[in-house]
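Colleague: I'd like to ask some things about the structure below.
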Amino acid sequence: MRDRDAALVQLAAFAQDRRRLFDALAQSRADTARYRQLVVDIENNAPPVLFGTAAPDDLKLVVGVGPVLERLLHQLGITSYRQIARWSERDIDEFDARLAEFPGRIRRDGWVTQARALHQSKYGETIEGGARW
């Protein structure tokens, strides 16, 4: 009888822990959904970083670069097509490592080639690759 009562008490404690953990899990999922929605809202409504004549190039014109990636690139000091167009293989590897959430995207989407074309169409000059910026 004592063993049965002890087992019931232990089962009640387990049930209470289980309810607490499920509540915490539900709260975590709700927080995650809220943060995901914030990211989507930021991507959809991201204002340009700067205005005026010294404004950076619109890196979102490079296929594969959205508002979030553009902001990450700006934080890393990349604001122009010229910088991306001059990336060497080593530079691509370095920036790919810095953009860990988007592995392989630089090569897969051909950012360097696109940046060279965008720079030429905007500024009228051709850029050869491989040089450090």
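A short reminder: the numbers here are calculations on the coordinates, not readings from a lab. The model shown is predicted, which means the values in this text are computed figures rather than measured ones. Ideal geometry is used to build each Cβ from the backbone, glycine not excepted, and the neighbour counts take in all protein chains shown.
Colleague: I'd like the per residue volume of the convex hull spanned by the Cα atoms of the chain, given in cubic angstrom.
Modeller: Cα-based convex hull of the chain, divided per residue, equals 143 Å³.
Colleague: Nearest 500 deg cm²/dmol is fine: what mean residue ellipticity at 222 nm does the chain get from its DSSP H runs of n ≥ 4 alone, each adding -39,500 (n - 2.57), divided by its residue count?
Modeller: Result for the chain: -20500 deg cm²/dmol, rounded to the nearest 500.
Colleague: Please list, ordered by chain and number, the residues whose modelled amide H lies under 5 Å from the amide H of SER88; skip anything fewer than 5 residues away on the same chain.
Modeller: Sorted by chain and number, the residues that satisfy this are GLY130.
Colleague: Here's another thing I want to ask about it. If you average the sequence gap of Cα pairs under 8 Å that are 6 or more apart and divide by the length of the chain, what percent do you get for the contact order?
Modeller: 21 percent
Colleague: Oh, and also: Can you give me the angle between helix 2-45 and the longest principal axis of the chain, using Cα atoms only, in degrees from 0 to 90, rounded to the nearest 10?
Modeller: Helix 2-45 sits at roughly 20 degrees to that axis.
Colleague: As I understand it, the value is the acute angle between the Cα axis of helix 111-123 and the longest principal axis of the Cα atoms of the chain; what does it come to in degrees, rounded to 10?
Modeller: Roughly 40 degrees between the two axes.
Colleague: Can you give the angle from 0 to 90° between the axis of helix 89-98 and the longest principal axis of the chain, with both taken from C-alpha atoms, to the nearest 10?
Modeller: 30 degrees
Colleague: Which of ALA13, ALA33, THR126 sits closest to the plus end of the dipole of the chain, meaning its Cα is farthest towards the positive end, when Lys and Arg get +1 and Asp and Glu get -1 on the C-beta?
Modeller: Among ALA13, ALA33, THR126, the one farthest towards the positive end of the dipole of the chain is ALA13.
Colleague: Right, something else. Within region 67-133, report the GluC sites (Glu not before Pro) that DSSP leaves as loop and that have at most 12 other Cβ atoms within 10 Å.
Modeller: Of the GluC sites (Glu not before Pro), the ones in loops of region 67-133 whose Cβ has at most 12 other Cβ atoms within 10 Å are GLU101, GLU125, GLU128.
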